[in-house]
Amino acid sequence: MGIKSLWIPRMCRFEKVMGSEYGKRPMVLKPGAEKLKASRMKLWMIRATTTVLLWTCVVQLTALGEMWGPRVLKGWPSCFTPSDSPLSPNPSSTASVILEKVVLPPKRMYKNNGYLMVSCNGGLNQMRAAICDMVAIARYLNVTLIVPELDKASFWADPSEFQDIFDMDHFITSLRDEVRILRELPPRLKRRVELGMVYSMPPVSWSDISYYHNQILPLIQKYKVVHLNKTDSRLANNGLPLQIQKLRCRVNYAALRFTPQIEELGKRVIRMLRQNGPFLVLHLRYEMDMLAFSGCTQGCTDEEAEELTRMRYAYPWWKEKVINSDLKRKDGFCPLTPEETALILRALDIDRSVQIYIAAGEIYGGQRRMAALTAAYPNVVRKETLLEPSDLRFFQNHSSQMAALDYLVSLESDIFVPTYDGNMAKVVEGHRRYLGFRKTVLLDRKLIVELVDQYNNGSLGWDEFSSAVKAAHASRMGMPSRRVVIPDRPKEEDYFYANPQECLQQADERGTT
């Protein structure tokens, strides 16, 4: 027989034996084994029940901890101790882990009428105000807002995206009880836009909300997506429902938070300044772009005046080309020069030893033009002198991010003095009002240049000059006031973001709260 014939019978015999052992005879457990099995089952049930009870206790204690923790659990070295209690762990301890509970507002449910895309134009603060307006418009129209696109083609050529300057997640989630905001369009609509199939238009400047309801909403409903390619001053200062005005404030003062990197660096600068006492922020808007745009050449050389004129003609969207600098200055439409600014600070009795932080870009004319100011106030600093180059390396060539640092420092200064009423001056003024009417010196430039000229030509002595400057500005320190409304001339009336009176708590109200 071969190997196969030998193997098969043995296998058959093995199967037969196995069948007789396990197939025919039933398996019978001894009495002791049955008791052991029962006890194991009972032990397993006890363990499972205990585990469920323990987890139930943990869940209940966690839920009640915030309410009872300060009273019932007082003194326990546990997570129930509130963060502001004396028993809180030291935040500097590496062993301490502080978990911040973020409570999101409930989502507002509404029928979506379509999608609104916006492209902001201008510098940081012009875009900031525009974003607030666009959120309010989207909320009123019941549409979905796509995260605004920032200007990258202006004079500053800043390539920053929204999320490079603002905390985008906070912006979206903090407003979700008002309006739905998406990072980008849904895929199908996004492809249409990328192919150029989108209705794009600039809305009419200084429009009231009825314009957007009657003119823009039907377009959104028709095309599903509408792109607003201009956003500066596209919503009126006055005549809007109170809810819209308050929403503009909420976006500006709560939702538009800078990125953690910008916020932290801004706090560092503020701490450095505070270590040396009070500080004044001077928004010295004597920069090349502003001088070229405004046509103001006071104190400039002939070569500098020609350079500024060439720049003005190089930018087609700067509509005014032929400008009389002297006339414009006398009308109060020019930023004060560093020399004029030094005189005014002295006339207002600003202490010579105070720190002056320059919130601006490069001053046109450099040290030559800054000489009078630094001679009168030797403690002149700026972010570039306070911080190391390595601290600012990621901000270089990103003017909006640099402006964000200046914005934060300006808010926290003891005194804020803008030398021109541009967008930053106005938005910071309004924000300081919102924070409790912090001292902001609103310079009357038309009167100032008249007084400065009289002082310089000798027709006015220093005492008379100083007294006149003080008298003129006694009521221009950022105190509570009403916005000036000029019907049909919105450019000439008070800007909403400079004095958002609908959102401000008056001094007498603050005293009673």
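List of remarks:
- Among all residues of region 337-344, there is none that is more than 17 Å from residue 380 (Cα to Cα) and of a type in the set (S, T, N, Q).
- Cross-chain or 6+ apart pairs with Cβ under 8 Å, region 139-158 first and in contact (Cβ under 8 Å) with a residue 40 or more places away in the chain, then open to solvent by 60 Å² or more (accessible area, probe 1.4 Å): 140/213; 141/213; 150/161; 158/152; 158/397
- Condition met for residue 453 (exposed (fewer than 13 other Cβ atoms within 10 Å of the Cβ), more than 40 Å from the chain's Cα centre (by Cα) and assigned to a helix (DSSP H, G or I)): no
- In region 458-513, residue nearest to residue 419 (Cα to Cα) [restricted to those that are polar (S, T, N, Q), at pLDDT 95 or above and part of a helix (DSSP H, G or I)]: 466
- Residue in region 197-211 that is among the acidic types (Asp, Glu) and in a helix (DSSP H, G or I) present: no
- Residue in region 354-361 that is without any contact (Cβ under 8 Å) to a residue 40 or more places away in the chain and in contact with a helix residue (DSSP H, G or I) (Cβ under 9 Å, 6 or more places away or on another chain) present: no
- Unmet criterion (only one of (1) under 28 Å from the mean Cα position of the chain (by Cα); (2) open to solvent by less than 20 Å² (accessible area, probe 1.4 Å)) for residue 345: (1)
- Residues that are part of a helix (DSSP H, G or I), in contact with a Lys or Arg (Cβ under 9 Å, 6 or more places away or on another chain) and under 15 Å from residue 344 (Cβ atoms) within region 429-448 comprise 445, 446, listed in sequence order.
- In the set (1) within 22 Å of the chain's Cα centre (by Cα); (2) surrounded by fewer than 17 Cβ atoms within 10 Å (Cβ to Cβ); (3) not polar (S, T, N, Q), the condition left unmet by residue 463 is number (1).
- Some residue of region 367-375 being assigned to a helix (DSSP H, G or I), within 22 Å of residue 345 (Cβ to Cβ) and of a type in the set (Lys, Arg): yes
- Subset of region 212-228 [within 28 Å of the chain's Cα centre (by Cα), of a type outside the set (A, V, I, L, M, F, W, C) and assigned to a helix (DSSP H, G or I)]: 212, 213
- One residue stands out among those in region 121-149 that are open to solvent by less than 10 Å² (accessible area, probe 1.4 Å) and in a loop (DSSP other than H, G, I, E, B): the one that is nearest to residue 179 (Cα to Cα), which is 143.
- Index of the failed condition, residue 167 passing every other in (1) touching a helix residue (DSSP H, G or I) at 6+ places or on another chain (Cβ under 9 Å); (2) over 25 Å from residue 405 (Cα atoms): (2)
- Meets criteria (open to solvent by less than 50 Å² (accessible area, probe 1.4 Å) and at positive phi) for residue 361: no
- The C-beta contact set for region 449-472 (first residue of a type outside the set (Phe, Trp, Tyr), second residue open to solvent by less than 70 Å² (accessible area, probe 1.4 Å) and outside any helix (DSSP H, G or I), distance under 6 angstrom, 6+ apart or interchain) comprises 454/460; 472/444.
- Out of 265, 273, sole residue that is under 26 Å from residue 384 (Cβ atoms) and open to solvent by less than 10 Å² (accessible area, probe 1.4 Å): 273
- Qualifying residue in region 214-234 (condition: closer than 30 Å to residue 288 by Cα and open to solvent by 60 Å² or more (accessible area, probe 1.4 Å)): yes
- Residue count for region 399-425 satisfying the condition of being assigned to a loop (DSSP other than H, G, I, E, B) and either open to solvent by 60 Å² or more (accessible area, probe 1.4 Å) or under 18 Å from residue 290 (Cα atoms) (or both): 5.
- Those residues of region 276-302 which are hydroxyl-bearing (Ser, Thr, Tyr) and either within 30 Å of residue 139 (Cβ to Cβ) or open to solvent by less than 10 Å² (accessible area, probe 1.4 Å) (or both), in sequence order: 286, 294
The values are calculated or read from the model by the stated rules, or taken from the named source; none is laboratory data. Fair warning: this is a prediction, and the values are worked out from it, not measured in the lab. Virtual Cβ from ideal backbone geometry, glycine too; neighbours counted across all protein chains shown. Just the protein is used for accessible areas: all its heavy atoms, side chains included, with ligands, DNA and RNA removed. Shrake-Rupley method; radii C 1.70, N 1.55, O 1.52, S 1.80 Å.
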